[in-house]
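Scroll down for the structure; my scribbles are underneath it.
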Amino acid sequence: MPDIVVIGAGQAGASLVARLRSGGFDGAITLIGEEAVPPYQRPPLSKGYLLGEMALERLYLRPARYYEEAQIDLRLNARVDRIDPAARHVHVGDEVLPYDTLVLTTGSVPRRLPAAIGGALDGVHVVRGLEDVDAMGPRFGPGAKVLIVGGGYIGLEAAAVAAKKGLDVTLVEMADRILQRVAAPETSDFFRKLHRAHGVDIREGVGLDRLLGEGRVTGARLSDGSEIDADFVIVGVGIAPGTALAEAAGLTIDNGIAVDAQGRSSDPAIWAAGDCASFPYREGRLRLESVPNAIDMAECVADNIMGAGKPYVPQPWFWSDQYDVKLQIAGLNIGYDRVITRPGSSDGSASFWYYAGDRLLAVDAMNEPRAYMVGKRLIDAGKSPPASAVADPGTDLKSLLK
Ligand SMILES: Cc1cc2nc3c(=O)[nH]c(=O)nc-3n(C[C@H](O)[C@H](O)[C@H](O)COP(=O)(O)OP(=O)(O)OC[C@H]3O[C@@H](n4cnc5c(N)ncnc54)[C@H](O)[C@@H]3O)c2cc1C
């Protein structure tokens, strides 16, 4: 049996090693992670955990004893510095570990603000790992002033937690509208209204000129010339795939570590999965940043390492929690040309259905689990109901499945 080394003990790494063992792989498995704790789920970091409603133990994907029992050599606080693909070695500090098969599940790296505009001041935070959130948690006292830079899901979720905890919240988004990169104007409007109703000062089309303060942040100057005070700042301006190791090892990079349909990189002994990997999709390549993708792709790669020879076909879905609204997204809206609004079944609920011509691509459902569920089943099956039926609140959603 070959030795498998997996770099990155996050969602994809943990899913992959578990699948190898449950699939009957009985060779040596080493899972290397630079963080101090066993693999954990990140979504609660900007939701329940940040709010203080979820204990640390509940974040763990599996209890620590699982790795021991499954004979997975889990190395924590261990950073891989270099891969030597010719010798098939990885370097962890002074230690050199051989591999037959290597998997990269290195996730992504949050974009930070340049030091030249105050990004290195004390009190400037990102939300990627447990350490980041533990560092900012104590700042969430009622009445504190927080500036959130970036109106994507992470920024909006952090804003919701802060507003719920009684902070004074300002969120700036450089683009014309929040969620511009990922959702239709209808969804942006829904969440803008929701946040404003909770007292969040959302400013769109306004960038950050620079952060102010000596040593620690005290405020910010915005691109419209205004200045605001801030006790701390949360930066949610996106992530970049974790490709540094792969790049240094000479692997092909194309918006992430470029893998083939089975998950194999340009080096046949090295595979990749999760946030760090881009895979063939339609005529191009796709990289997804979500838990379902990390799990499904990692499991597919594990199966392929064991010889399944099957392509990875994503069935994308995503969710976000803000206040008492659960947003569920089915499908991918890339290339949509119109959005159909279906009124919600209760106050504060709605669903937006993305079409390209007559083809249903995706559904954003706010407190509408039924619309999400039906939309997902339709999209996974490649079925597209007439837009007029979707828009009609009298249509029983389940009838669309027939
Ligand atoms: C705050 C937050 C909220 C989110 N909310 C949602 C949500 O609601 N729904 C959703 O679907 N997705 C959400 N996501 C995204 C989701 O968590 C990621 O897509 C998912 O974790 C990706 O899994 P991964 O294994 O590819 O990467 P990760 O889980 O990031 O794991 C990568 C691991 O590799 C380690 N690593 C990297 N380089 C090295 C190295 N050289 N040596 C050793 N270890 C290394 C990293 O430290 C990290 O632990 C959220 C993410 C964040 C940060």
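Given a cut-off of under 8 Å on Cα pairs at least six residues apart, what relative contact order in percent is computed for region 170-214?
Working: 46 pairs, mean separation 25.8, N = 45.
The value is 57 percent.
Per residue, how many Å² of accessible area does the chain show with a 1.4 Å probe? Mind showing how you got there, number by number?
Values: 17510 Å² over 402 residues.
So the chain comes to 44 Å² accessible per residue, rounded to a whole number.
Heavy atoms only, probe 1.4 Å: what % of the accessible area of region 254-326 goes to carbon and sulfur, would you let me know?
Answer for region 254-326 is 51 percent, counting heavy atoms of protein chains only.
If a paramagnetic tag sat 7 Å from the Cα of ALA197 along the Cα-Cβ line, which residues of region 356-392 would have the backbone N under 14 Å from that point?
Answer for region 356-392: 366-368.
Binning every alpha carbon pair distance of the chain at 20 Å from zero, what are the percents per bin?
26, 54, 20, 0
Gain in length, ARG210 to ALA115, computed as 0.36 nm per residue apart minus the alpha-carbon separation, to one decimal in nm?
On the way: separation 95, 0.36 × 95 = 34.20 nm, distance 0.97 nm.
Extra length from ARG210 to ALA115 when fully extended: 33.2 nm.
Expressed as a rounded percentage, what relative contact order does the chain have, with Cα pairs under 8 Å and six or more residues apart?
Working: 874 pairs, mean separation 54.5, N = 402.
Contact order relative to length: 14 percent.
Can you list, bin by bin at 10 Å, the percent of alpha carbon pairs in region 1-97, starting at 0?
Bins of 10 Å from zero give 15, 43, 30, 10, 2 percent of pairs.
Counting only protein heavy atoms, what percent of the accessible surface of region 336-402 is carbon or sulfur at a 1.4 Å probe? Mind showing how you got there, number by number?
On the way: 1630 of 3170 Å².
Reported share for carbon and sulfur atoms: 51 percent.
Taking the Cα-to-Cβ direction at ASP100 and at GLN180 and moving 7 Å from each Cα, how far apart do the two end points lie in nm?
5.2
Would you kindly work out the equivalent ellipsoid of region 29-172 from its C-alpha gyration tensor and give its semi-axes, the square roots of five times the eigenvalues, largest first in whole Å? Intermediate results must be reported in sequence, preceding the final value.
Working: eigenvalues 239, 77, 26 Å².
Value: 35, 20, 11 Å, ordered largest first.
Evaluate E = 1/(1 + (r/R0)^6) for GLU68 and SER345, where r is the Cβ-Cβ distance and R0 equals 41 Å; express this FRET efficiency to the nearest 0.05.
It comes out at approximately 0.30.
Assigning unit charges at the beta carbon (Lys, Arg +1; Asp, Glu -1) and nothing else, what dipole magnitude in debye, to the nearest 20, does region 1-114 show about its Cα centre?
Charge dipole of region 1-114: 580 debye, to the nearest 20.
For the chain, return all DSSP H helices satisfying: extent of Cα atoms along own axis at least 15 Å; mean Kyte-Doolittle hydropathy at least 0.5.
The qualifying helices are 153-164, 291-305.
For GLN315 paired with LYS383, estimate the spin-label separation in nm (one decimal), with each label point 7 Å from Cα along the Cα-to-Cβ line.
1.4
Give me the number: length gained by fully extending ARG359 to ALA86, i.e. 0.36 nm times residue separation minus the C-alpha to C-alpha distance, one decimal in nm.
Value of the extension gain: 93.6 nm.
Summarise the accessible area of region 24-73 (1.4 Å probe, protein heavy atoms) by the percent that is carbon and sulfur. Working shown, then result.
Working: 1140 of 2500 Å².
Percent of accessible area from carbon and sulfur atoms in region 24-73: 46.
Which distance in Å, rounded to a whole number, links the C-alpha centroids of region 144-179 and region 324-338?
For region 144-179 versus region 324-338, the Cα centre distance is 21 Å.
The values are calculated or read from the model by the stated rules, or taken from the named source; none is laboratory data. These numbers were taken from a predicted model, which means no experiment stands behind them. Cβ: placed from backbone, ideal geometry, glycine included. Neighbour counts: every protein chain shown. Please note that ligands, DNA and RNA were not included when accessible areas were found on the heavy atoms of the full protein model with its side chains. Shrake-Rupley method; radii C 1.70, N 1.55, O 1.52, S 1.80 Å.
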